[in-house]
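Let me begin by presenting the structure, written as structure tokens, before commenting on it.
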Amino acid sequence: MTGRAAVSEASGEALLEARDLVKDYGDFRALDGVSLSIDEGEFVSIIGPNGAGKSTLVNLLTGVLQPTAGAVRFKGRDIHGIGPVALARRGMARSFQLVHVFPDLTVQETLEAAVVSRLGRGARLFAALAADREVKDGALEIAELFRLGDKRQALSRQLPQGDKKLLDVASAFALRPEIILLDEPTSGVSTADKAAIMEILVGASRRIGLRAIIQVEHDMDIVFGYSDRIVALHQGKVLADATPSRLRADQDVVDTVIGRRRGNP
Amino acid sequence: MTGARVLAVAALALLAAPPVLPTYYTLLLLPFMAYAVVLLGLNLLFAYAGLLSFGHALFIGLGAYTGAFLTTHTPVRALEVILLAAAVAGAAVAALVGALCVRYVKIYFGMLTLAFGMVFYTFLLKFYRLTGGDEGMRVLRPTLLGMDIGAMPKTDYLAGPYYYYSLAVLALATVVMWRVVRSPFGLCLRTVRDNPAKAEALGIGVTRNRWIAFVISGVYAAVGGALLGPPIGNVDPTLAYWTQSGNIVFMTLLGGFSHFFGPVVGAFAFIFLQDTVMSVVPYWRLIFGAILAAIVIFAPGGLMGLAARVRPIEASRS
């Protein structure tokens, strides 16, 4: 299944656009004039060797960092410095490279927190959460989509690593965002489980009506198996931005990023 | 035995205390109830938001002095008005202090709250024309629910109407806090405690939720402080001193902060332990220091943690 089947089709202006992004850490330039755009209906992978600037780009796109120069626009609006909280409320969600869960919350509570946030009920001090059917049902739906239904009462810190990863991603999906950024969604997961996780993600994306998916990924089988377009970074610059078939034909990218020679699998 | 049954037994015991217990022990329950209100608020900040304040004596003193000022400098005598005024004062000061403090975490938050507490203590000590300085201020007997029972002997007043009034305030404070921690806000607060970065990624405001928790805890501490004044008849700056902040942290650890009622149990144990130890040995702080060390090393879950190990009860997990 390709990524295009995962997201809803539409036409129009770019959903997410980065223009001439520059990010300096003191004298070190992590990103040097990176531009990319994500259109509605796309599944885009960002690849590159370690130190290419992928994490920096992700943090700039998700409002965690402010660019030294350049701009990021989401749904036509500049999101410069708005921060992750405001960005989540505008419709962009992310999962983390290193698994981020709430250790002392159960799976159910984690998903309920995301639904509470989505419904704007976080300021309700005296409402009984246990009686909120909309929150409960919203959390249950996501739990079942991510095959965590029978683990809803488990504490997050007691879950196996693969389930923690799923929970991290599931809670982002519980926000029902318009665009989601997955930072290495299959890292730390066994090879046998990677395909299963991707199928879960694709199925969930279709179910909640995601408009676009961006992922940072090192596993080239997953990158080439699911992406509509691949953006290759190297030393803070965009090396290539093309479809999987065109990227495979680009020897520079293959040598620099993928690390295989032409003709070899 | 379920937690609900234990709670019911405890509530009945408190209701039955005045006619059953010797008056001395009934009067000892008054500061327990006042501190229990304080600790319900402190534990919202500590167990649910992950912020340990070393300056909450500021709000205890603020509430106590609010009652003293109103009863001695204004015609106000109604305890309802005093408690409301203390709550408003607590909210106002907590809103300002919290706006700065909640931007920091861990030791920095603790030190900032300690600093604000000592600023207030110094204010109470030095502005003696307003506060009475180290002699403090008198607290005149308040009326309860419109009843002027000024003619009643003090002991009868405190062990009777005032006791049950305090118990009602504690009950109401407990019900309100129970709702708060089990609300959507309570859940969001726990996400902020566990993983602030993840909470933000889910659209949950970290600073904003911490600030709300700080304000609520300030209100509770001020209300508890206002309840401390009438039994003593006088308030002084030591109520706002940093050791007072240390005492309520001790109570929290003694009872167990992971359980909703842990700090309340800690307040009970502390009050009666202090009374017992002080009557036996002059160096009671030495004994309490040893108890604190033992709790940290052998029973980090406090008394509620020990009880859960010995006899499992339905725990109300924070």
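The values are calculated or read from the model by the stated rules, or taken from the named source; none is laboratory data. Everything numeric here is computed off the predicted structure, so don't read it as measured data. Here the Cβ is made from the backbone with ideal geometry for all residues, glycine too, and neighbour counts use every protein chain on show.
When you scan the range B:164-185, how many residues do you find that are aromatic (F, W, Y), surrounded by 21 or more Cβ atoms within 10 Å (Cβ to Cβ) and closer than 26 Å to B:F268 by Cβ? Let's see the steps before the verdict.
Of the residues in the range B:164-185, the ones aromatic (F, W, Y) are B:164-165, B:178, B:185.
If we keep only those that are surrounded by 21 or more Cβ atoms within 10 Å (Cβ to Cβ) too, we end up with B:185.
From what's left, closer than 26 Å to B:F268 by Cβ: none.
Of the residues in that region, 0 qualify.
Grab the helices (runs of 4 or more DSSP H) fully contained in the range A:53-169, keeping just those with 2 or more residues being touching a strand residue (DSSP E or B) at 6+ places or on another chain (Cβ under 9 Å) and surrounded by 15 or more Cβ atoms within 10 Å (Cβ to Cβ).
On the way: elements: A:54-61, A:83-90, A:107-119, A:133-145.
Those helices (runs of 4 or more DSSP H) span A:54-61, A:83-90, A:107-119.
Pairs needed: first member in the range A:113-126, more than 7 Å from chain B (Cβ to nearest Cβ); second member anywhere, in a loop (DSSP other than H, G, I, E, B); C-beta distance under 8 Å; at least 6 residues apart or different chains.
That search, which allows pairs on different chains as well, returns A:V115/A:A174; A:R118/A:A174; A:R118/A:L175; A:R118/A:R176; A:R118/B:G203.
Anything in the range A:82-110 that is among the hydrophobic types (A, V, I, L, M, F, W, C), more than 7 Å from every other protein chain (Cβ to nearest Cβ) and more than 17 Å from the chain's Cα centre (by Cα)? List them, or say none.
A:I82, A:V107
Could we say that A:V216 is at pLDDT 90 or above, out of contact with any Phe, Trp or Tyr (no Cβ under 7 Å at 6 or more places or on another chain) and aliphatic (A, V, I, L, M) here? Break it down into steps so the answer makes sense when it comes.
On the way: at pLDDT 90 or above: yes; out of contact with any Phe, Trp or Tyr (no Cβ under 7 Å at 6 or more places or on another chain): yes; aliphatic (A, V, I, L, M): yes.
Against the criterion (at pLDDT 90 or above, out of contact with any Phe, Trp or Tyr (no Cβ under 7 Å at 6 or more places or on another chain) and aliphatic (A, V, I, L, M)), A:V216 qualifies.
Return the residues of the range B:133-185 that are outside any helix (DSSP H, G or I), within 27 Å of B:Y24 (Cβ to Cβ) and either among the acidic types (D, E) or within 14 Å of chain A (Cβ to nearest Cβ) (or both); say none if nothing qualifies.
Filtering the range B:133-185 down to residues outside any helix (DSSP H, G or I) leaves B:136-153, B:182-183.
Applying the additional criterion that residues be within 27 Å of B:Y24 (Cβ to Cβ) yields B:136-145, B:147-153.
The one that is outside any helix (DSSP H, G or I), within 27 Å of B:Y24 (Cβ to Cβ) and either among the acidic types (D, E) or within 14 Å of chain A (Cβ to nearest Cβ) (or both): B:D148.
Hey, among A:P160, A:P177, which residue is of a type outside the set (A, V, I, L, M, F, W, C) and within 12 Å of chain B (Cβ to nearest Cβ)? Lay out the reasoning, then the answer.
On the way: A:P160 fails: within 12 Å of chain B (Cβ to nearest Cβ).
From the options A:P160, A:P177, the qualifying one is A:P177.
What single numbered condition from (1) within 14 Å of chain B (Cβ to nearest Cβ); (2) without any contact (Cβ under 8 Å) to a residue 12 or more places away in the chain; (3) not small (G, A, S) fails to hold for A:Q153?
Answer for A:Q153: the failing condition is (2).
Taking helices (runs of 4 or more DSSP H) that do not extend beyond the range B:186-272, which have at least 1 residues that are away from chain A (no Cβ under 11 Å) and surrounded by 22 or more Cβ atoms within 10 Å (Cβ to Cβ)?
On the way: elements: B:196-201, B:206-232, B:242-255.
Fully inside the range B:186-272 and qualifying: B:206-232, B:242-255.
Can you report the number of residues in the range B:1-49 which are in contact (Cβ under 8 Å) with a residue 40 or more places away in the chain and outside any helix (DSSP H, G or I)?
So the count comes out to 3.
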